[in-house]
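Data block below; observations after.
The values are calculated or read from the model by the stated rules, or taken from the named source; none is laboratory data. From a predicted model like this one, the values you see are computed outputs, not experimental measurements. All Cβ positions, glycine included, derive from the backbone under ideal geometry; neighbour counts span all protein chains shown.
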Amino acid sequence: MEQRTMLRSALHALRSTKAVSAAEYAILAVAIVVMVGLAARELSPKLQTAFSSIGDKLTTATTATQ
C-alpha cells in the first residue's frame with residue numbers, strides 16, 4: 001500500500017507543471033550565469049587596463065599638485 005502511494009506521488013510530481021516551470025527557471029538561471037561569466041572573462045583585460053590608466057592619471061595629478 002505504501003509503495004502505491006509513493007508511486008502516485010512520484011507520478012503526480014512528474015506531471016506537475018510547477019516542476020516543469022522550476023526546471024525551466026533552473027536552465028535559464030544556468031544560462032545567465034554562463035553568459036555573465038563569459039562576459040566577465042572577455043571584459044576583464046579591458047577593465048583592468050582602464051582602471052590602471054585611471055589610477056596612473058590620479059597618481060600623476062596628485063603628485064603634480066604636491
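Can you name every residue in segment 43-59 that is surrounded by 10 or more Cβ atoms within 10 Å (Cβ to Cβ) and of a type outside the set (Gly, Ala, Ser)?
LEU43, LEU47, GLN48, THR49, PHE51, ILE54, ASP56, LYS57, LEU58, THR59
Considering (1) modelled with pLDDT under 80; (2) under 22 Å from the mean Cα position of the chain (by Cα), say which one ALA26 fails and leave the rest.
(1)
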